[in-house]
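Nothing in this text is a laboratory measurement; each read-out follows from the coordinates by a stated rule. Keep in mind it's a predicted model, so treat the numbers as computed, not measured. Every residue, glycine among them, receives a Cβ derived from its backbone with ideal geometry; neighbour counts consider all protein chains shown.
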Amino acid sequence: MSQTKVMRKLSGARFAENSKAWLIMLPSLILMLFFVWEPLFESVRMSLYKTRNVELVRYIGFDNYISVMGKDDFIQALLNTFSYTFWSLIIGFLLPVVLAMIIGETRRSKGIFRTIAYLPNMLPGLAVIILWSSFFSAEKSGVLNILLSTIGVSPQTYLTRAEWVIPIIIIIATWKGAGATALIYMASMAGVSPELYEAAAIDGATVLQRVWHILLPSIRKLMGTLLILQIISVFQIMYEPMVLTKGGPDNASLSLMQLMWQYAFGGSMNYGKASAVAVIVTGILLVMTLIHSYFDRKESSWD
Amino acid sequence: MNRFVKLVSLLLAAALLLSALPCTLAEEVIDADLNCTITLGNWPADTAPQAEKDLFLGYQATMAKQYPNVTLVPDYYSYTLSSYVPMAKGGTAPSIFQPPFTDPQLLISQHLVGDVTEALQNAGVLDKFSPSYVEMLAGDDGRIYGLPRDGYVLGLHINIDLFREAGLMTEEGLPMYPTTLQELAEYGQIIREKTGKAGLVFPASETYGGWLFTNIAWNFGCVGESALEYQDEDGRWVCNFTSPECIAAMEYMRDLRWKYDILNADATTSDWASSHTSLGTGEAAMNFGADDCVDQPTANKGLPVDSFALVPFPAGPAGRYALAGGTCYMFAPNITADQGTALMAYLKVLGKLPFLDDAIVAGMRADYAAKRDRGAPVLPAISAWNDEDYNAAKQAVIDEFCNVDMRLYNDFFDSISEGTITLKSEEPVFAQQLYRELTSVVQRMITREGADVEKALRKAEESFQEYLDDEINDY
């Protein structure tokens, strides 16, 4: 048998093998194409057009981007979105790790604690916001104000203070999401060999030393991945400020995604500008993801 | 034999009755040839009060008799701009829906609603609704795209219990309500001091703050040459938030918070619904509200009707204006001529067209009876129709079911009928966007004590001007 014939037979066999794989993937690919990629490209296309509701009227290049980025509310929303991300890292990044460690160290009823930690995540998002809006209500009937009144503190305002509103929203988001993230950390921590702890304990390492030298290095990669996922998620924050503060006071909690919603549905029906904001958000997140991937690869090559 | 005769007589009588029945039914059938399906938005949800659901089932039964080949598809859809656009573009919008008067011009300009000029003409009502409403519901092409459901005039909702607690009652036992914006601030201060509750609940989130502020601004003189937006000689739309009148109005807003301290503490997160809750549950004494939502603090939030009053919008230094608006019926962009006819028939059954017959009067009575049973004040309606007979008949039904002391409402209705208050419709173009810009300024004023009024208004003016240029001037 000639070499060409062997090659042809091999590639035929590979095709037959690959075609089955492609067939299996086909439904997913079609769904991805129609429900992910097509809307994504349509959004980019729409951002380059003057629109009348969802119709494209005429091509205007980058005018939508220039117009959107030149406005104060965009700058405010951009800064707010970075502020959300910053506060989410301060308040919400390490909390799940600590939670996972505490639950992991529990000797009895670990399952109950795990369920309790995860419970807020099972509540519908809007219900959580409404719940917390009663807690932070500025009226005398607000739960926090009732609690404070027991120690003689007069009623305070919370969500109407520009400097407090973003941290409060992040506290609420963390309350809801930390338990779920903690479960992921717990799963990763469970994979750390107990012998390492025992050896460290025999060598006289304190709890903190064991955490620092054994536990954290074991979950470092996972922390990196969850960090970028958290940034991506918080960067798209929308319904929390939308329901709780409607972006106020004076745009102090307006996020980029909320600004996008306002352009599309807030009375102006400007889908072109809304798409421009969406593309800008995607671009920023893409850059962040690429930076993370770069460092991740670099770290892997060092390993 | 005798028994046999009786039986035959009975059978003959029954046969006579049965033969008469088709005649009766035939009389009720108005158009058996009309064959189409209409989807009806705003159908009461399963959770709605039973009386309301029964009312609509009655309408459905009447339609089935009069137009046996028209299929009614109930739809719980309640209009919002964001949900309507994709439905209209995707061909799934209900045949009829109910937007507020802020949106018709936007929907018409975007070709998102159906033309019902012919249907209105055929129904004989085109010349019966007041010209101002025609203006709101017609396109540049002169065609009509909707019809008014009801009108409202903005006034002041009063929680009488808090006025009584603050000692603001007349000798006749009526609330001593503010007739000017200055009195509003002063009375609000008294209420705050005496009761600890907010004098005025002011919803300042999203677009609500700007919406209410425009009415205050008009009373400070932001009309005519000082209007918040106007068209210049070249036909260009110009935003004018920095007139001395507008600045004075915004300074007044700032004073309500920092000088008089009469506002609810969480104004920037309050919306239309929560402001009614505040008034209804006794957290605030006054709320800028209209005559079409008197059921909100009462029936919906538990304030007894005798603890509630509706008074005219307080006058400002430059006059007394009150916003007149309302809700209208509009139609899906793809409705056919037959559907248009069927929809007019449906509206006629609902009693929303200016026609009178026993069934329509019965419908009106059922409507007001349901209102009274829910604990909502039954008040005179501000009619969008200029048909005198129709309006008089409606008023007679209202009088029959009236459940309030009209002394608590007379000043409001008299101010409209006697013309002591000037009714004004919403700002002419892109009102929602204008409200959004002004809401932002209002929020700044009530959250930052030293906020610079003129600077904030100038910023909002620039932003809205850019919007006007983009959307109209340079389109």
With 20 Å bins from zero, work out the P(r) of the protein assembly as shown over every alpha carbon pair and list the percent per bin.
13, 39, 31, 13, 4, 0
Could you give the distance between the Cα centres of the range B:207-231 and the range B:293-324, to the whole Å?
20
Test item: A:265-273 mean partner chain Cβ contacts at 10 Å
6
Quick one: net charge of A:G125's neighbours, Cβ under 13 Å, K/R +1, D/E -1?
0
What ³J(HN,Hα) values, in whole Hz, does the Karplus curve 6.51 cos²θ - 1.76 cosθ + 1.60 give for the range B:413-427 when θ = phi - 60°, with x put for Gly and Pro?
6, 5, 4, 7, 5, 8, x, 7, 10, 8, 7, 9, 7, 5, 3
Quick check on packing: order B:112-119, B:404-411, B:457-464 by the mean number of other C-beta atoms within 10 Å, highest mean leading.
B:112-119, B:457-464, B:404-411
Which FRET efficiency value, to the nearest 0.05, do you get for B:R374 and A:K5 by plugging their Cβ-Cβ distance into 1/(1 + (r/R0)^6) with R0 = 60 Å?
0.10
With n ≥ 4 as the cut-off for DSSP H runs, can you work out [θ] at 222 nm for chain B, using -39500 (n - 2.57) per run divided by the number of residues, rounded to the nearest 500?
-14500 deg cm²/dmol
Partner chain coverage, peptide B:440-451 - average Cβ within 10 angstrom:
4
Which residues qualify? For B:Y77, with a placed amide H closer than 5 Å and at least 5 residues away or on another chain, they are B:N42, B:W43
Least to most buried among A:I219, A:I102, B:I262, by other C-beta atoms within 10 Å and fewest first, runs A:I102, A:I219, B:I262
Rounded to whole Å and sorted largest first, list the principal axis extents of the Cα atoms in the range A:156-233.
54, 26, 16
Are there trypsin sites (Lys or Arg not before Pro) in the range A:48-118 that DSSP puts in a loop and that have at most 12 other Cβ atoms within 10 Å, and which ones?
A:R107, A:R108
Tell me, in nm to one decimal, what length is gained between B:D255 and B:N35 on full extension, where the rule is 0.36 nm per residue of separation less the Cα-Cα distance?
73.1 nm
Cα-based equivalent ellipsoid of the range A:3-46: semi-axis lengths in Å, sorted from largest, via gyration tensor:
36, 13, 4
How far is helix B:388-401 tilted off the main Cα axis of chain B, in degrees rounded to 10, range 0 to 90?
90
Take the Cβ-Cβ distance between A:I232 and A:K110 as r, set R0 to 25 Å, and report the resulting FRET efficiency rounded to the nearest 0.05.
0.25
Tilt of helix B:81-90 relative to the longest C-alpha principal axis of chain B, in degrees (0 to 90, nearest 10)?
50
Long-range amide H partners of B:A309, meaning residues 5 or more apart or on another chain whose placed amide H is closer than 5 Å, are B:I158, B:I160
With a point put 7 Å past each Cα toward its Cβ, work out how far A:V207 is from B:R365 in nm, to one decimal.
7.8
Expected integer from the mean partner chain Cβ neighbour count at 10 Å over A:245-257 is 6
Check each of the GluC sites (Glu not before Pro) in the range B:169-226 and keep only those in coil by DSSP with at most 10 other C-beta atoms within 10 angstrom; list them in order.
B:E171, B:E172
Rounded to the nearest 5, what % of the DSSP beta bridges within the protein assembly as shown are antiparallel ones?
70
Neighbour-count ranking [beta-carbon atoms within 10 angstrom, fewest first] of B:T268, A:T174, B:T37:
B:T37, A:T174, B:T268
Ranked on Cβ counts within 10 Å of their own Cβ, fewest leading, B:Y152, B:Y177, A:Y294 go A:Y294, B:Y152, B:Y177
Quick one: 3J(HN,Hα) in Hz for the range B:137-147, Karplus 6.51/-1.76/1.60 with θ = phi - 60°, rounded, Gly and Pro as x.
10, 9, x, 4, 7, x, 7, 9, 10, x, 8
Can you bin the range A:63-302 into rounded, prolate or oblate? Criterion: square roots of the alpha carbon gyration tensor eigenvalues sorted a ≥ b ≥ c, rounded for a/c under 1.5, prolate for a/b above b/c, oblate for the rest.
oblate
Percent relative contact order for chain A, counting Cα pairs under 8 Å at least six residues apart, stands at 26
So what's the gap between the Cα centers of the range A:62-132 and the range A:172-193, to the nearest angstrom?
13
Could you check the spin-label model distance between B:T47 and B:E172? Points 7 Å from the Cα along Cα→Cβ, value in nm.
4.2
Relative to chain B, whose Cα atoms define the longest principal axis, helix B:431-447 and its Cα axis are tilted in degrees, nearest 10, by 40
The answer for B:D150, listing residues at least 5 apart or on another chain whose modeled amide H is closer than 5 Å to its amide H, is B:T327
What distance in nm separates the simple spin-label points at A:M223 and A:I66, each placed 7 Å from Cα in the Cβ direction?
4.6
Expected vector for the range B:55-69, Karplus 3J(HN,Hα) from phi with 6.51, -1.76, 1.60 and θ = phi - 60°, integer Hz, x for Gly and Pro, equals 4, 6, 5, x, 4, 4, 5, 5, 4, 4, 6, 6, 10, x, 9
Distance between the C-alpha centers of the range B:429-443 and the range A:242-273? Whole Å please.
12
How high is the relative contact order of chain B, given as a whole-number percent (alpha carbon pairs under 8 Å, six or more residues apart)?
22
